[in-house]
1. If the label point is 7 Å along Cα→Cβ of ASP47, which residues in segment 168-212 have backbone nitrogen under 14 Å from it?
2. Between ILE72 and ILE118, what length in nm is gained on full extension when 0.36 nm per residue of separation is reduced by their alpha carbon distance?
3. Per the Cauchy relation, a quarter of the hull surface: what is the mean projected area of the convex hull of the alpha carbons in segment 117-192, in nm²?
4. Modelling each spin label as a point 7 Å along the Cα-to-Cβ direction, I'd like the VAL59/ARG14 distance in nm, to one decimal.
5. Relative contact order of segment 89-186, please, whole-number percent, based on alpha carbon pairs below 8 angstrom and at least 6 residues apart.
6. Pull out the extension gain between CYS173 and ASP95, defined as 0.36 nm times the separation in residues minus the alpha carbon to alpha carbon distance; nm, one decimal.
7. If Lys and Arg each add +1 and Asp and Glu each add -1, what is the summed charge of the other residues whose beta carbon sits under 13 Å from the beta carbon of TRP99?
8. Could you pull the accessible area for MET25 with a 1.4 Å probe, rounded to 10 Å²?
Amino acid sequence: MSSFKQICSMPNGRYILIPFVVATMAFILNFRILASCDMVTTKWSIDCSSSKSERCVYVANIGMGFLAKETIVSDPNSVSNVREMLKVCQWYTNDDREWLWDKFWNVSFYSYILCTIIGAVVCALLTLGSCCLFQKMTSRAISYIFGILAILSTLPFVIFWKSDICSKRTGVCDDTQIYCVDTCEMGSGSWQLFACSFMWISAMVTTWSIKPEERSHLPVVEKDTASQSTDDDDDDDGDDEEEESLSELILAYGHDEVIVTPKINSTTVR
């Protein structure tokens, strides 16, 4: 446990918790907007007439998002003779995308998907910041990424500016001319884009201010090279004296009569 505390001991300072919390909230809000049906509020005209009835047009406000939109269905729990309708959030079909989406919807969708993925990765990096020491350039790079995410989270506003369902005065209809979108306006999810962008900017500013804590280091003991060289010289002198004494014994008694035993550092003479 003590070793774990030493590893995950906030080497970048406790200040890193601020950008981590803000970035996590931005990611959650980012994911919520991605899966919601209330980013764009559109006014639909639905032709409900048939060959046996007079002209019938049903007008309703339909919410749309990146992955799903509201769909009008019959209420299965209705007990009256009058058919009641409900709005449910359902995934887009391929036919829906063909006539509702244009290139500006596609640009907004893929940019927001990229924002969500990168946001998840950066939040994971900040989690590692509780255990790993960040270099100055690392925190700066993460801060720049947060700035890019703030820009990506505002790109969906191009839908209200350039997309066909919001810019065409005549509206957009499908091939059967039964479903038509007349107007569009910002929904509650689009206002949350401002909050999400502001959170990314806050995470950028706070990450830029991260400074690693100053920690005390163990003193470095420098080896005295002068004393080391003196000890080495003494050892060399001792070795030279032993070699000289050994040579004298060999000259006096002969090489076969001298036995050297290094383990006990002694010389035996027979």
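The values are calculated or read from the model by the stated rules, or taken from the named source; none is laboratory data. Being a predicted model, the structure only gives us computed values, none of them experimental. Because the Cβ atoms are built from the backbone with ideal geometry, glycine has one as well, and the counts that use them run over all protein chains shown. Surface areas here come from the heavy atoms of the whole protein model, side chains and all, with no ligands, DNA or RNA. Shrake-Rupley method; radii C 1.70, N 1.55, O 1.52, S 1.80 Å.
1. Taking a point 7 Å out along Cα→Cβ of ASP47, the residues of segment 168-212 whose backbone N falls under 14 Å are 172-181.
2. So the chain would gain 13.1 nm between ILE72 and ILE118.
3. 7.4 nm²
4. With each label placed 7 Å out from Cα toward Cβ, I get 5.9 nm.
5. 33 percent
6. Extra length available between CYS173 and ASP95 comes to 26.9 nm.
7. For residues surrounding TRP99, the net value is -4.
8. Rounded to the nearest 10, that gives 100 Å².
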